[in-house]
Every structure is written in structure tokens, then in C-alpha cells.
Amino acid sequence: MVVLVSGKGTTLQALIDAERQGRLGGGRIAAVLTDRPGVYALERARVAGIPVYTAQNLQGKSGQALSDWILHSARTIEADLIILAGFLSILAGDLLRVYKGRMINLHPSLLPAFGGPGMYGERVHRAVLAAGAGESGCTVHIVDAGTDTGPILLQRRVPVLPGDGPGDLAERVHRAEWGAIVEATEILVSRIREEKDNPLTCTL
């Protein structure tokens with residue numbers, strides 16, 4: 001599998017730790033790809049001995065150009081699964097077709113609530129608090145052509161407590177995210193293994 005990152009890499013670290021503990025269903029992180037040079041997630045990957053790839057000369061380019069680079073990289077690595085772990089760029093084009101059903105994204109709310117364009121990071125937690133919601137959480141979903149619209153794989157819920165600020169809620173959601181992404185990855189790895197072991201045949 002390859003992991004796409006844009007920031008500090010705490011979710012990536014959860015996946016690295018889970019792989020070491022044998023909790024990814026036998027899945028292996030083959031590479032980490034980023035759209036933003038210098039992010040700390042790349043240091044986490046290097047410490048773990050995982051190859052890193054940074055999109056070159058694509059800052060400000062279209063989602064199509066970045067997506068084509070990701071697709072080329074994933075094919076070169078022969079990746080079966082792509083995990084968006086705090087990845088902020090929008091994907092498009094052939095990547096969505098080639099890896100249909102084999103790309104997952106982690107979102108810091110209980111989708112479909114507080115999702116969509118522009119809803120990421122602290123913006124989500126501020127919106128949850130402004131709405132007076134009694135709970136929040138995270139969602140792992142299959143990536144499709146929309147923004148946070150793909151089929152939901154699993155969700156984890158956390159309470160919104162009296163006196164919470166965005167940082168308080170974010171920390172609580174983060175802790176849920178780390179377990180959720182590991183569980184979802186294991187589920188998808190298992191599905192992919194079953195597909196490989198039992199390929200469908202079609203007689204015309």
C-alpha cells in the first residue's frame with residue numbers, strides 16, 4: 001500500500017506502528033507520497049525505513065496533474081491500496097478509475113455531516129462546536145469523484161464535552177482516528193486478498 005500525506009503524519013505513525021504489530025492484515029506500507037515538501041510525515045517515514053516520494057513542480061497545479069503523478073507512482077510501486085492520511089489535495093482523473101474501491105480517506109467528522117469542499121482540520125471542529133452538536137468523531141470512506149462523498153467503511157464516535165474548544169475536540173477525534181484508520185485498512189486488505197485468491201471469471 002502507499003500512504004498519501006500532507007502534514008505532521010500522526011495518522012501515518014499509527015499505520016506504521018500497526019504494521020510493526022501485525023495489525024494491518026499482512027498489509028505493508030511500500031511508500032509514502034506527499035504533495036508538500038518538508039512536512040514532518042516524511043521524517044516519520046524515513047525513520048521507519050519507508051521510501052518517500054515528493055511531487056515535484058506541482059505546487060498550484062491542477063488535481064489532474066497531481067493525480068496522474070500519484071497514479072504513475074502507485075503503478076510503479078505495484079500498490080494494491082492507497083490510503084489518504086491527512087492528505088488535503090483533491091484527486092481526479094484516471095487515478096479514481098484505476099483504484100476504484102481501493103482508495104480510502106480519513107475525515108474528522110461523522111459524515112455526511114461537516115464534510116465537503118473546504119471542510120478539513122480545525123475548520124471541521126469549529127463547525128461542529130458552532131452547530132452545538134453533542135457528538136463528533138471520524139469517518140473512513142472509499143474515495144470517489146466527490147469530496148467526502150464515497151461509501152462509508154466505518155465510523156467512530158466521540159462526545160463533545162462542555163467547555164470544549166476546537167483543540168480539545170480535535171485531540172479527542174485524533175485518538176479515534178488512529179484506531180479507525182488501522183481497522184479500516186485491515187478490512188480493505190482482507191477484501192483485496194480475497195479478490196486475489198478468488199478472481200471472478202466471466203464466460204461470454
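The values are calculated or read from the model by the stated rules, or taken from the named source; none is laboratory data. Note that the structure is predicted; figures quoted are calculated from it, not measured. Every residue, glycine as well, gets a Cβ built from its backbone with ideal geometry; the counts of neighbours run over all protein chains shown.
Please find, among 86, 118, the residue that is at positive phi, in a loop (DSSP other than H, G, I, E, B), modelled with pLDDT under 95 and surrounded by 15 or more Cβ atoms within 10 Å (Cβ to Cβ).
On the way: 118 fails: surrounded by 15 or more Cβ atoms within 10 Å (Cβ to Cβ).
Only one candidate passes the filter, namely 86.
So, in the range 20-42, how many residues would count as being under 15 Å from residue 85 (Cα atoms), of a type outside the set (Ser, Thr, Tyr) and assigned to a helix (DSSP H, G or I)?
Qualifying residue count, the range 20-42: 2.
Which of the residues spanning the range 121-130 are surrounded by 12 or more Cβ atoms within 10 Å (Cβ to Cβ) and at negative phi?
Taking the range 121-130 and keeping what is surrounded by 12 or more Cβ atoms within 10 Å (Cβ to Cβ), we get 121-129.
Those that are surrounded by 12 or more Cβ atoms within 10 Å (Cβ to Cβ) and at negative phi: 122, 123, 124, 125, 126, 127, 128, 129.
Could you check the range 7-21 and list, in sequence order, the residues that are farther than 15 Å from residue 107 by Cα and not small (Gly, Ala, Ser)?
Answer for the range 7-21, where residues must be farther than 15 Å from residue 107 by Cα and not small (Gly, Ala, Ser): 8, 13, 15, 16, 17, 19, 20, 21.
Take the residues in the range 141-177 that are small (Gly, Ala, Ser) and crowded, with 17+ Cβ neighbours inside 10 Å; name whichever of them is farthest from residue 84 (Cα to Cα). Break it down into steps so the answer makes sense when it comes.
To start, the set of residues in the range 141-177 that are small (Gly, Ala, Ser) comprises 145-146, 150, 163, 165, 167, 170, 176.
Imposing the further condition that a residue be crowded, with 17+ Cβ neighbours inside 10 Å reduces the set to 150, 170, 176.
Working: 150: 13, 170: 18, 176: 16 Å.
Looking at the filtered set, the residue picked out is 170.
Starting from the range 2-17, take each residue that is on the phi > 0 side of the Ramachandran plot and list its partners that are of a type in the set (Ser, Thr, Tyr) and assigned to a helix (DSSP H, G or I), counting only C-beta distances under 6 angstrom and pairs at least six apart or across chains.
If the second residue must be of a type in the set (Ser, Thr, Tyr) and assigned to a helix (DSSP H, G or I), the pairs left are 9/40.
So which pairs qualify, if the first residue must be in the range 106-135 and within 21 Å of residue 150 (Cα to Cα), the second must be among the acidic types (Asp, Glu), the Cβ gap must be under 6 Å, and the two must be at least 6 apart or on different chains?
Hits for this filter: 106/177; 107/148; 111/148; 115/148; 116/148.
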